Amino acid sequence: MSIEARPLEGQVALVTGASRGIGRAVARALAQRGAFVAINYRTDVDAARSCLAEIEEAGGQGGLCPFDVGDAEAPANAIAALAKEQGRLDILVNNAGITRDGLLLRYREEDWQRTLEVNLGGAFRCSRVAARTMARARYGRIVNLSSVVASMGNAGQAAYAATKAGLEGMTRALARELASRSITVNAVAPGFIDTEMTAALPEEARAAYLAMIPLGRLGSTPEVAAAVGFLVSPEASYVTGHVLAVNGGLYT
């Protein structure tokens, strides 16, 4: 790959929840663009190692960065250690998230709390510690992974939708707060993407989702990763506080 095609050469990126799905695709895309990518995961070390192996086989660089984003202390300790080891942290992609679906009248309090702690609290904690390093360098890129359900809602996903809507609000607030330090904060809101989660859907449910999408197909993880790649690139230096929809026209 030519130097011109590696706009992130010399930069350090952290992608949370990077062992599979969208996070894995984002990690590979940022490494392909020249960044050293720290692959965050919570428990699946084999998947994380596999992601790192793919990056290295393609000529990229990276490392493993295990911690639970939903823990009160772990993100601060791990990210501070990463920034110290690498000497910098230029990019944070808050991708880690969970879904614990259920209808309102039967929804458990512990599922509500855990969804908020991981999806929203995790992004807040990671952003807080990463922003300290970025502010000192007077440069940074933060991208939060939201979802189309933040805008359109989805039955049985009150907790998940609430966290993603909150994430978009936090994106806009942090964009204003951190702009003076040359740190941009944006979000990408995917629609229905072809991942392990959607692959497990019953055929009739999958067909119903496809019927709702004007482009007539599910999105791919590389398409979402490309949107993240743009937002952390030099070309997006004047874009901040924006939520970029990648949903095939499902919701506009």
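The values are calculated or read from the model by the stated rules, or taken from the named source; none is laboratory data. In this text the structure is predicted, and so the values were computed from the model without any measurement. Positions of Cβ are generated from backbone atoms using ideal geometry, with glycine treated the same way; all protein chains shown enter the neighbour counts. For the accessible areas, the whole protein counts, side chains as well, though only heavy atoms, and no ligand, DNA or RNA atoms are used. Shrake-Rupley method; radii C 1.70, N 1.55, O 1.52, S 1.80 Å.
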Original post:
What's the number of the condition Ala96 fails, among (1) at pLDDT 95 or above; (2) touching a helix residue (DSSP H, G or I) at 6+ places or on another chain (Cβ under 8 Å); (3) open to solvent by 10 Å² or more (accessible area, probe 1.4 Å); (4) over 22 Å from Asn186 (Cα atoms)?
Top reply: (4)
Original post:
Is it the case that region 3-16 has a residue that's hydroxyl-bearing (Ser, Thr, Tyr), open to solvent by less than 10 Å² (accessible area, probe 1.4 Å) and at pLDDT 95 or above?
Top reply: yes
Subject >> Among (1) under 13 Å from the mean Cα position of the chain (by Cα); (2) surrounded by fewer than 24 Cβ atoms within 10 Å (Cβ to Cβ) - the single one Ile39 does not satisfy >> reply: (2)
Original post:
Could you count how many residues in region 139-179 are open to solvent by less than 40 Å² (accessible area, probe 1.4 Å) and more than 26 Å from Asp111 (Cα to Cα)?
Top reply: 6
